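Okay, structure first, notes after.
The values are calculated or read from the model by the stated rules, or taken from the named source; none is laboratory data. Please read all numbers here as calculations on a predicted model, not as lab measurements. Don't worry about glycine lacking a Cβ; one is built from the backbone with ideal geometry, like all the others, and counts go over all protein chains shown.
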Amino acid sequence: MTKRSAKKSGTGIKSPTPGGGGLFYNLEIQFEKVYRQAVKDTQGKVSLKTHFRYRDSMKKFLSFCATRFRLQNLRNISDKHLEAYIDYRRGNETSEKTIKGDLAAVRFFHRYIENARFQLSGNEKFGLASTPDGRADRAWSDGEYERMIALAERLDRPEVALAMRLARYAGLRVHEITRLSRKDAEQALAAGMLHVKGKGGKERDIPLAAEAATALKEACEMVAGENDKLLVPPGEKTHLVIKRIQNFIRRHRDKVMESGKEVNITFHGLRHAYAREQFRVKVGEVKKIRRALAEVSEKLGHNRPEVTKIYLGSEWKR
């Protein structure tokens, strides 16, 4: 454990129910070894913030297991522990989205437990619901996109316009965009393929569409050093840049949204628009819906095609 992580997270978390005591301390000692290995293997792929969040979620889960099951060894974590923890969290009126985040942390570290005895099942087995409002139509229309781009350019916000173009034509998440350096962009332009380090450490290669390549070229022209971030000025905090981009869309969306929209457009909705366009293209190319779905899921960095189906909305239902 690094000094920075020790300072950030502390050495322990109180049990959510009484009685974990010494058993939790024993599990915590075992977990520190797992944590160090996980951080080492995913450094540069998973953010420090995610490591801290996952660590806290895992400790809460272990505290529960020590109390409820008298669990003594991480190797014995199984579906019965996940199921009981889900019931416990639901009993405390924890949102399904938060529970899914907790399970993601458990599965993340479970991969690094030596000689684990059991394989952990996916969320479907436990009846976890889709993300709230996940099936609402979140994709931007072409008109909404064009109007927002024009507004960003008119208000002299090139970083907003560039981020939007990369989300719309490369399917990037906002944190994936702000992570890109000039060197990353130049390598992508040379290869015609953008290498992305995405959510949960999952890496993927995205073929560059002409629109995305143009956006990368323009972004490179705005940056001096090859290691400088495309949209994050030197000395600036990345999360503040992300917040400004999202706030711009939040402030101005009423000016560009089409009437009758079920939900407000957000930056993430640009990925939905990208997914639908790519799905239509792939169906036309391979003539097989399931194969098209799998290829689009890979481009988006999704672990499960079921998530991509939500992005596709009416396109999938057709």
Go through T94, T98, T67 for me and flag whichever is at pLDDT below 95, β-branched (V, I, T) and more than 24 Å from the chain's Cα centre (by Cα).
T67
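For the stretch 72-174, list the helices (runs of 4 or more DSSP H) that sit wholly inside it and hold at least 1 residues that are closer than 24 Å to E306 by Cβ and either without any contact (Cβ under 8 Å) to a residue 12 or more places away in the chain or outside the structural domain of Y25 (by TED's automatic domain parsing) (or both); which are they? Write out each step before concluding.
Details: elements: 79-91, 96-110, 142-154, 158-170.
Fully inside the stretch 72-174 and qualifying: 79-91, 96-110, 158-170.
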Of the conditions (1) assigned to a helix (DSSP H, G or I); (2) in contact with a helix residue (DSSP H, G or I) (Cβ under 8 Å, 6 or more places away or on another chain); (3) at pLDDT below 95, K59 satisfies every one except a single condition; which number is it?
(3)
When (1) farther than 28 Å from K237 by Cβ; (2) in contact with a Ser or Thr (Cβ under 9 Å, 6 or more places away or on another chain) are applied to R36, the one that fails is (1)
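Every residue in the stretch 296-311 that is crowded, with 19+ Cβ neighbours inside 10 Å and at pLDDT 90 or above, please. Break it down stepwise before answering.
Taking the stretch 296-311 and keeping what is crowded, with 19+ Cβ neighbours inside 10 Å, we get 296-297, 299-302, 308-309, 311.
Passing the criteria: V296, S297, K299, L300, G301.
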State whether one or more residues within the stretch 183-200 are more than 30 Å from F109 (Cα to Cα), modelled with pLDDT of 95 or more and part of a strand (DSSP E or B).
yes
If you go through the stretch 222-243 one residue at a time, how many are in contact (Cβ under 8 Å) with a residue 40 or more places away in the chain and within 18 Å of L155 (Cα to Cα)?
4
